[in-house]
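The values are calculated or read from the model by the stated rules, or taken from the named source; none is laboratory data. As the structure is a computational prediction, the values presented were derived from the model and not from experiment. Don't worry about glycine lacking a Cβ; one is built from the backbone with ideal geometry, like all the others, and counts go over all protein chains shown. We work out accessible area using only protein heavy atoms, side chains counted, and drop any ligands, DNA or RNA first. Shrake-Rupley method; radii C 1.70, N 1.55, O 1.52, S 1.80 Å.
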Amino acid sequence: PVQGLAAVQLQDGSILAVGGDAMMGAHTRFAARYSVGEGQWQRLPDAPAPLDTPALLPISPNAVLVVAPSFAGGTLASPSKVLSFDPRRGRWQFLPSAPVALYAPHLLRLNAREVFAGGGIGTAVGAIFDVVARRWVAVASPIPNIATYSVAPLPGGGVLLVASVAIDAHKHPYMARRAFALRADRTWHPLARPPIAVDGTRAVALGGGR
């Protein structure tokens, strides 16, 4: 059995599962497809690079964007490897690596040609990938000392970032709550503070602009 897989539903309703947790001794290049209607798994060609537990996003019927965590086959500071996988033909293709190290990558579709890849730490929280031009642009952190954060898509191709920011380890509370919106001009705009403690909180889109 393979542990630490990432899975995503494809446009035809089937499920693609790839990766594997190296810490659990698993094979990290695994790929398989599950047919919901038939209740059967189909083994697919292994990835050409270690994936560990990657982020997945279908961008067309024959292309899934796959972004590996920075430590997969490298170090925490290594730029994350990026691949495209065609689940119909079982073909892998390398794409330009992300310009930042994504420790825990996650992907948001911003519009028809842009994808936001979050999960960075330090001065850059992620990057935007143009799937047509196949070009990355790094996205700087909206504020220093972000400890944890979560992102969700906003209407119009934006990104909501909800974060815990370290203030002073000797004070209580030592974490502050912050929220920002990455707008169409690709700059961060501060929002009202979340009314809850956000350490470990996840942001999701509910639809209808919420």
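Treat each spin label as a single point 7 Å out from the Cα along the C-beta direction, and report the T123 to A77 distance in nm.
So the label points at T123 and A77 sit 1.3 nm apart.
Could you pull out every residue, at least 5 positions away or on a different chain, whose amide H is within less than 5 Å of the one on L154? Hs are placed 1.01 Å off N in the peptide plane, and Pro or chain starts have none.
Excluding prolines and chain starts, which carry no amide H, the hits are V159, L160.
Relative to a virtual label point 7 Å from the Cα of D130 in the Cα→beta-carbon direction, which members of the range 92-107 show backbone nitrogen distances below 20 Å?
Correct set: 94-100.
With a 1.4 Å probe and all protein chains kept in place, how much accessible area does I146 have, in Å² rounded to the nearest 10?
40
Mind checking the full-extension length gain between Q42 and H189? Use 0.36 nm per residue of separation minus the Cα-Cα distance, one decimal, nm.
Answer, rounded to one decimal: 48.4 nm.
For a quick check, take a GNM of the chain with Cα springs below 10 Å and name the residue from A147, A104, A124 with the largest mean-square fluctuation.
So, out of A147, A104, A124, the one fluctuating most is A147.
Could you tell me the largest-minus-smallest coordinate of the C-alpha atoms of the chain on each of the three principal axes, in descending order and whole angstroms?
Principal extents (largest minus smallest coordinate, Cα): 53, 37, 32 Å.
With a 1.4 Å probe and every protein chain kept in, tell me what percent of the accessible surface of the chain is carbon plus sulfur.
55
Which value, in Å², gives the accessible area per residue of the chain when a 1.4 Å probe is used on the protein heavy atoms?
52
Taking 0.36 nm per residue of sequence separation and subtracting the Cα-Cα distance, how much length would be gained by fully extending the chain between H27 and Y103, in nm to one decimal?
Difference between extended and current length: 25.4 nm.
Just the number, please: percent antiparallel of the DSSP beta bridges in the range 1-93, rounded to the nearest 5.
Percent antiparallel among DSSP bridges in the range 1-93 is about 100.
If you rank L65, L191, L95 by how much accessible surface each has, with a 1.4 Å probe, what is the order from largest down?
L191, L95, L65
Label A147 and N62 with points 7 Å out from Cα along Cα→Cβ: what is the distance between them in nm?
4.9
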